[in-house]
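Comments concern the structure below.
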Amino acid sequence: DAMVRLHTATALLTLGAKETKATTILKEGLVDASVQVRLEAARSAGRLGKQVETLIPQLMSAMDEESDADVKWADVEALGSAGTAAAPAVPRLVALLERPELQPCAAETLGRIGQPAASALPHLAKLLNSNEPEIQWSGARAMVLIGGKEAKPVVPFLIAHLEKAPRGRELYQLTWLLGLLGPVADEAVPELEAARFRDNELATMAIWAIRPREKFPWQLGYWADRDCDLWLFADYIDRM
């Protein structure tokens, strides 16, 4: 049974086995005549973690030749799980940004590749003008994860949303995205200062991440008087 073989191969590789037969089964699955088998092979590849690196050439080829939209999406997602090792796929992924139905997953994968995908930043910036929020935010997140000075066009987009974001999930996400950009997001500091009245801790940590050399968080007004504040502080250090 193809599904049993795919899942067994995935389990072996996930456990760290140097099993050439398991790798061969996944490679063959990516080009199988059955759409369902190809889909499951791509999803299985995406679950391999670091081990997926051995399948990058096959995933790139499968992505190029795939006619089924769901399978192509899964191929793209699997490449994203390889992180920076998937850098050779950047030109192909940039080309997929021209296809609206694949823009979110192509953008997400470029973001997961990170700095080696810097050449995609001008193309991702165009997604910020989309009428579809999902496409806008996939582009914005990818630009933040790639980072660098060339990611600066995403800052006004994030500021515009920060201005009207109430306390809660959206504000939480926006402060993280601006914080991850670091000094590139310096122009957002005044709006983050204003946001402190909605969530002092989140906004303060973002300001610190953007201007880390000026003051420590507790000098900016971070009140670490609750366990959750200590957790956020530790989490911020870990992510930055």
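Some observations on this one:
- Test: residue in the range 204-222 that is of a type in the set (A, V, I, L, M, F, W, C), touching a Gly at 6+ places or on another chain (Cβ under 9 Å) and open to solvent by 20 Å² or more (accessible area, probe 1.4 Å): yes
- Scanning the range 30-69 for residues that are in a loop (DSSP other than H, G, I, E, B) and of a type outside the set (Lys, Arg) turns up Val31, Asp32, Ala33, Ser34, Leu48, Glu66, Ser67, Asp68.
- Within the set Ala11, Ala62, the sole residue that is among the aliphatic types (A, V, I, L, M) and either touching a residue at least 12 places away in the same chain (Cβ under 8 Å) or open to solvent by 60 Å² or more (accessible area, probe 1.4 Å) (or both) turns out to be Ala62.
- Scanning the range 14-47 for residues that are among the polar types (S, T, N, Q), within 17 Å of Asp75 (Cβ to Cβ) and open to solvent by 20 Å² or more (accessible area, probe 1.4 Å) gives Thr23, Ser34, Gln36.
- Meets criteria (closer than 21 Å to Asp235 by Cβ and either surrounded by fewer than 18 Cβ atoms within 10 Å (Cβ to Cβ) or of a type in the set (Asp, Glu) (or both)) for Pro183: yes
- Only one of the listed residues (Trp223, Trp208, Trp218) is more than 22 Å from Ile159 (Cβ to Cβ) and not in a loop (DSSP other than H, G, I, E, B). That residue is Trp218.
- All of Glu19, Glu28, Glu53 fail the test of being under 21 Å from Pro88 (Cα atoms) and of a type outside the set (A, V, I, L, M), apart from Glu53.
- Arg92 farther than 19 Å from Arg47 by Cβ, in contact with a helix residue (DSSP H, G or I) (Cβ under 9 Å, 6 or more places away or on another chain) and free of Cβ contacts under 8 Å to residues at least 24 places away in the same chain: no
The values are calculated or read from the model by the stated rules, or taken from the named source; none is laboratory data. These numbers were taken from a predicted model, which means no experiment stands behind them. Using ideal geometry, Cβ is built from the backbone for each residue, glycine included, and neighbour counts are taken over all protein chains shown. For accessibility, only protein heavy atoms count, side chains too; no ligands or nucleic acids. Shrake-Rupley method; radii C 1.70, N 1.55, O 1.52, S 1.80 Å.
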